[in-house]
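K.L.:
This is the structure I want to talk about, given as structure tokens.
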Amino acid sequence: MKKLIALLLVICTLLSVTSCGNKLFLATGSETGTYYAFGIAFTQVLKDKCGLEFTVQSTGASKANIQLIDSGDVDLAIVQNDVMDYAYNGTNTFAADGAITSFAAICTMYPEVVQIVASSNIKSVADLKGKKVSVGDVGSGTEFNAAQIFEAYGMTFDDIQKQNLSFTDSADKYKDGQLDAFFVTAGAPTVAITELATASDFTILSIGEKELSYLQENYGFYTRFDMTAGTYANVKKDVTTVAVSATLICDVNLDDQTVYDITKGIFENIDAITAAHGKGAELSAEKAVQGISTPMHPGATKYFSELGLIAVG
Ligand code: GLU
């Protein structure tokens, strides 16, 4: 009997290495962000169409997600493409923590818009001086963007009363008058802000032309993003801001066949994913290979090279 149990344990371990028949863990972000809802949507489609099973986890987002892959707690994660580059190259806050190279990229998915939600009397990022501002959760990618935007305005976190809150907590505290502004880097419209629009008055700050140029010159991952009026019911003007890319990454040791199946499953089922979540409409295999500066997983490379989108190495 003991031998049988030992044998079963060995089989289970082998199965978990190849992930066949096992649940894959996907790290996302705050429950009112876009990673979480989109993560639930595309993994449900992968389950229905490809028989892959997932557990979707709410987390602190990008930086925390890369650390969760590194510690072996999750198999896959959605992260910002800028943060993934800092991690791999050991720059920015990863300079102190150390580079993390235990992940591989699969594909970019949709633009993530840097949205600065502020009370209507605040007209510019410069007006945030001395104000209570949430710059994103501990371990978020949002915090990187907030720091760089303040830098573009000649400011630092020392100029504000900084708080590290999830999107959910930021929106709740804003509603209760305990915050003057909060940063959200996420696919728009973002649930936390949409929900707030029904309860509170706010504006979304534009980034000035000079500061936009500074950001693009100094941090190559930013693209200009014009968010149209009406993205949120009470935002009546277009907002000029920047965007980065939501990127699906995985443990570098996840087996090639599983990663191939995930990649193919996503890009061959765009309609079903779009029916489950609006961001699906922004998926495109051509765009998915752009904006990735760190090594791509061989399972993903195989799929995109079959489509002729990348050269086989
Ligand atoms: N990009 C965000 C971050 O890493 C999370 C976005 C989301 O949860 O949709 O901070």
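K.L.:
Which of the following residues is modelled with pLDDT of 95 or more, among the acidic types (Asp, Glu) and within 16 Å of the ligand (Cβ to nearest atom): Glu112, Glu151? Even if it seems obvious, please write down each step before you answer.
P.N.:
On the way: Glu151 fails: within 16 Å of the ligand (Cβ to nearest atom).
Selected residue: Glu112, the only one of Glu112, Glu151 that is modelled with pLDDT of 95 or more, among the acidic types (Asp, Glu) and within 16 Å of the ligand (Cβ to nearest atom).
K.L.:
Within the range 224-236, take every residue that is over 18 Å from the mean Cα position of the chain (by Cα) and free of Cβ contacts under 8 Å to residues at least 24 places away in the same chain and give me the one that is farthest from Thr198 (Cα to Cα).
P.N.:
Asp226
K.L.:
Then there's this: Taking the condition modelled with pLDDT of 95 or more and more than 16 Å from the ligand (Cβ to nearest atom), does Gln161 pass?
P.N.:
The answer is yes for Gln161.
K.L.:
What pairs come up if the first residue lies in the range 289-300 and is under 12 Å from Asp256 (Cβ atoms), the second is among the hydroxyl-bearing types (Ser, Thr, Tyr) and surrounded by fewer than 20 Cβ atoms within 10 Å (Cβ to Cβ), and their beta carbons are under 6 Å apart, counting only those six or more places apart or on different chains?
P.N.:
Every condition considered, the pairs that remain are Gly299/Tyr260.
K.L.:
One residue is enough: does the range 73-84 have a residue meeting the conditions within 22 Å of Lys279 (Cβ to Cβ), more than 14 Å from the ligand (Cβ to nearest atom) and assigned to a strand (DSSP E or B)?
P.N.:
yes
K.L.:
Looking at (1) of a type in the set (A, V, I, L, M); (2) within 16 Å of the ligand (Cβ to nearest atom); (3) under 30 Å from Asp256 (Cα atoms), which is the only condition Ile193 fails?
P.N.:
Only one criterion is unmet by Ile193, namely (3).
K.L.:
Now, a different point. With more than 8 Å from the ligand (Cβ to nearest atom), among the small types (Gly, Ala, Ser) and in contact with a Phe, Trp or Tyr (Cβ under 8 Å, 6 or more places away or on another chain) as the only criterion, which of Ser30, Ser58 stands out?
P.N.:
Checking each option against the conditions leaves just Ser58.
K.L.:
Only one residue in Thr168, Thr190 is polar (S, T, N, Q), modelled with pLDDT of 95 or more, crowded, with 24+ Cβ neighbours inside 10 Å and within 23 Å of the chain's Cα centre (by Cα). Which one?
P.N.:
Thr190
K.L.:
Which count do you get for residues in the range 33-55 that are within 16 Å of the ligand (Cβ to nearest atom) and not in a helix (DSSP H, G or I)?
P.N.:
Total meeting the criteria: 1.
K.L.:
Within the range 51-59, can one find any residue that is surrounded by fewer than 24 Cβ atoms within 10 Å (Cβ to Cβ), among the β-branched types (Val, Ile, Thr) and closer than 30 Å to Gly90 by Cα? Show your work before the answer.
P.N.:
Going through the range 51-59, the residues surrounded by fewer than 24 Cβ atoms within 10 Å (Cβ to Cβ) turn out to be 51-58.
The next check asks that each one be among the β-branched types (Val, Ile, Thr); those that pass are 55-56.
Now restrict to residues that are closer than 30 Å to Gly90 by Cα: 55-56.
Yes, some residue in the range 51-59 is surrounded by fewer than 24 Cβ atoms within 10 Å (Cβ to Cβ), among the β-branched types (Val, Ile, Thr) and closer than 30 Å to Gly90 by Cα.
K.L.:
Moving to a separate point now. Within the range 129-146, restricting attention to residues that are under 17 Å from the mean Cα position of the chain (by Cα) and among the aliphatic types (A, V, I, L, M), which residue is nearest to Thr241 (Cα to Cα)?
P.N.:
Ala146
K.L.:
Looking only at helices (runs of 4 or more DSSP H) that fall completely inside the range 251-306, which ones have 3 or more residues that are surrounded by 21 or more Cβ atoms within 10 Å (Cβ to Cβ)?
P.N.:
The qualifying helices (runs of 4 or more DSSP H) are 256-267, 298-306.
The values are calculated or read from the model by the stated rules, or taken from the named source; none is laboratory data. The model shown is predicted, which means the values in this text are computed figures rather than measured ones. With ideal geometry, Cβ positions are generated from the backbone for all residues, glycine too; neighbour counts draw on all protein chains shown.
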